[in-house]
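Rule-based calculations on the coordinates, nothing more; no lab input. What you see is a predicted model; the values in this text were computed from it and never measured. Glycine also receives a Cβ, built like all others from the backbone with ideal geometry; neighbour counts cover every protein chain displayed.
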């Protein structure tokens, strides 16, 4: 007469030791019962606790998290004309459990088919001694864990590749055909394992020959801020081609921000410049954003005027952003950046920030070393990271325009 088995407590997977006791759920309809004891002695003194179910309905009730493996009798009637119907049902019912197929001695082909269907292994009734059963169950459990881990890894890689393709597609492609200006950019999001952060930038040339460039920063570092940054960049490009500039442009962008943001506390800083077709003059608008750095031919780099800037987008409902005219000269380099660069510390043991003055000094040193274009931007970001004593916590975006 079978001995009733008390229901054990739920054991988290992480708590199950590699050499610990095992719990096996046996599904068979033999009235006498192949397993008439509540447990078997396995290898090295370990125990295999036995639970039994006569059909799928009972098995579903007994299939709890502390079950390590399910042994399915392939002789169970299914009523569907498919000898493996019960096994397939259990595989669907318990996708995270190891499953073994129980067969007769002459059912080698059926056993192989069960493994092809998804079972981790098979056992013949004449092999059911405690030590062998313990070893086969452990093998099945570990194989199921390895299969699950491999599947999750492949799924994670596929998702990461898909996200990377999407994020790369959202990064801007400068439209400067017909311009003699050289463009370079460096971008590093603050979010771990991301390609896109809340910083955004763009550069386009309109049919009249004017080159428009901008850089901005949405407060925060999450995917929602990154999405909002993309929306503002796309809106900026569309508005530029529609002919908007200066205060009208920023007022419209603020409306976009107010409509798209999730909270009234979300704001964005922005710096936008429009460079005349001859490249010698520019209009500058600042919305709570640090002023660009300009290095004219034969002169040290210095900050452009920033006294006439307006507030960040999204802070004041009827704000205004004056456009300031700036003389660039014949040959120059214009560096636009986000505050992730200048807010890095000057050492791991100090609270002092790099700041705009420190950044200006650093850029002048890099220029004196002969660095230009993308090499200059990478070197500046690397030094800021080194001074900080590790990765910068905020997004960092740098845009460089050169003429002559």
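Here are the numbers:
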| read-out | value |
| --- | --- |
| Mean separation of Cα contacts under 8 Å, 6 or more apart, over the residue count of the chain: relative contact order % | 12 |
| Radius ratio Rg over Rh of segment 171-403, counting only Cα atoms, Kirkwood formula for Rh | 0.94 |
| Distance (nanometres) between label positions extended 7 Å along Cα→Cβ at residue 276 and residue 248 | 2.0 |
| Acute angle (nearest 10 degrees) that the helix 108-117 long axis makes with the longest principal axis of the chain, alpha-carbon atoms | 20 |
| Relative contact order of segment 171-403, pairs being alpha-carbon contacts under 8 Å that are 6 or more residues apart, as % | 24 |
| Segment 336-404: relative contact order as a whole-number percent, Cα under 8 Å and 6+ apart | 48 |
| Column: log10 I(q)/I(0), Debye, Cα scatterers of segment 248-381, q = 0.18 Å⁻¹ | -1.08 |
| Kirkwood Rh, Cα atoms: Rg over Rh of segment 67-107 | 0.98 |
| Projected label distance in nm at residue 206 and residue 386, using a 7 Å step from Cα toward the beta-carbon | 4.2 |
| Folded to 0 to 90 degrees: helix 246-260 orientation relative to the chain principal axis, Cα | 20 |
| Relative packing of peptides 334-344, 314-324 - highest average C-beta neighbours within 10 Å first | 334-344, 314-324 |
| Volume per residue of the C-alpha convex hull in the chain, rounded to whole Å³ | 233 |
| Tilt relative to the chain, helix 373-388 - C-alpha long axis, 0 to 90 degrees, to 10 | 70 |
| Theoretical gain in end-to-end length, residue 264 to residue 308 [0.36 nm per residue, Cα-Cα removed] | 13.3 nm |
| Rounded to whole Å, sorted largest first: equivalent-ellipsoid semi-axes of segment 234-287, Cα gyration tensor | 25, 12, 8 |
